[in-house]
1. List the number of the failed condition for residue 59; all other conditions in (1) assigned to a loop (DSSP other than H, G, I, E, B); (2) touching a residue at least 40 places away in the same chain (Cβ under 8 Å) hold.
2. Exactly one condition in (1) over 20 Å from residue 136 (Cα atoms); (2) modelled with pLDDT under 95; (3) open to solvent by 70 Å² or more (accessible area, probe 1.4 Å) is not met by residue 62; state its number.
3. Would you check which residues across the range 146-155 are within 9 Å of the ligand (Cβ to nearest atom) and hydrophobic (A, V, I, L, M, F, W, C) and list them?
4. I need a count of the residues in the range 156-186 that are assigned to a helix (DSSP H, G or I) and more than 10 Å from the ligand (Cβ to nearest atom).
5. For the range 1-11, how many residues are open to solvent by less than 20 Å² (accessible area, probe 1.4 Å) and more than 6 Å from the ligand (Cβ to nearest atom)?
6. Among the candidates 93, 49, which residue alone is touching a Pro at 6+ places or on another chain (Cβ under 8 Å) and within 11 Å of the ligand (Cβ to nearest atom)?
7. Find the residue count for the range 16-57, including only residues that are of a type in the set (Ser, Thr, Tyr), surrounded by fewer than 17 Cβ atoms within 10 Å (Cβ to Cβ) and within 24 Å of residue 81 (Cα to Cα).
8. Give all pairs with beta carbons closer than 7 Å in which a residue from the range 12-24 that is within 6 Å of the ligand (Cβ to nearest atom) meets a residue that is open to solvent by 50 Å² or more (accessible area, probe 1.4 Å); count only pairs at least 6 apart in sequence or on separate chains.
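The values are calculated or read from the model by the stated rules, or taken from the named source; none is laboratory data. These figures come from a predicted structure and were not determined experimentally. Glycine gets a Cβ as well: all are built from the backbone with ideal geometry, and neighbour counts include every protein chain shown. With ligands, DNA and RNA removed, areas are computed over all heavy atoms of the protein, side chains included. Shrake-Rupley method; radii C 1.70, N 1.55, O 1.52, S 1.80 Å.
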Amino acid sequence: MRMVLLGAPGSGKGTQAALLKQSLAVPHISTGELLRAAVAAGTPLGLQAKAVMESGALVSDEIVLGMLEERFGRADIGSGFILDGYPRNLAQARALDGLLGRLKLPVEKAVQLDVAEETLLGRLAGRAKAEGRADDNPESVKKRLTVYQEQTAPVIDYYAEHGTLVRVPGEGTVDEILARILAALR
Ligand code: AP5
């Protein structure tokens, strides 16, 4: 299965991808995780991305695409993949189609996790307390939600137009949501 997971910050993309990875036996590729690893390692890319991520804005399309091209150069994606956090705007959606078209590995399903804003805010506030992620403070969360509405929401229509979109209610227990996603992929 070659799929992208779409949803607002806190919608559960990372949580579900970690489980889907086991169920589907395909790698989980998270652009947020790749960027956080670069920040933690202090690479030139990480140094460039750090302040942008902390503010809640998007890192440049060029940087993220370069990182993704490198990741898609690995042989394990031949079995499929779960892409989490990419694409986040229409330019990224088109760039991804170009990249995957060249690799002859087009996206089969785009799964959108649908979660009410009140729930998103509750989950992110909970994680801020538990883990202290740098962009989970109220100001950055507000910015991330605005960026999602303005730039990422159009990507949902893009996949709907391409006939690959499935919408999944993203509230309930983690296991309930996983079962819904697996049913939607069948
Ligand atoms: P990224 O890491 O992708 O963050 P995000 O989209 O803001 O998503 P989150 O990780 O906050 O949420 P999630 O949907 O994965 O939910 P999770 O499972 O973690 O990106 C971070 C930043 O990197 C961006 O702001 C940007 O700067 C940059 N970036 C990344 N990709 C980029 C790109 N393509 N282009 C440009 N810049 C890019 O769950 C959240 C919390 O809720 C957790 O605590 C979890 O335990 C809890 N939870 C999950 N499911 C449930 C449930 N069912 N019930 C109760 N709690 C739950």
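1. Here residue 59 clears every test but (2).
2. Here residue 62 clears every test but (2).
3. 147, the sole residue that qualifies.
4. Start the filter on the range 156-186 by keeping residues that are assigned to a helix (DSSP H, G or I), which leaves 156-161, 174-185.
With the extra rule that they be more than 10 Å from the ligand (Cβ to nearest atom), the set shrinks to 156-161, 179-185.
Result for the range 156-186: 13.
5. Total meeting the criteria: 5.
6. Details: 49 fails: touching a Pro at 6+ places or on another chain (Cβ under 8 Å).
When all the criteria are applied, what remains is 93.
7. 1
8. Once the first residue is within 6 Å of the ligand (Cβ to nearest atom) and sits in the range 12-24, its partners that are open to solvent by 50 Å² or more (accessible area, probe 1.4 Å) give 15/174.
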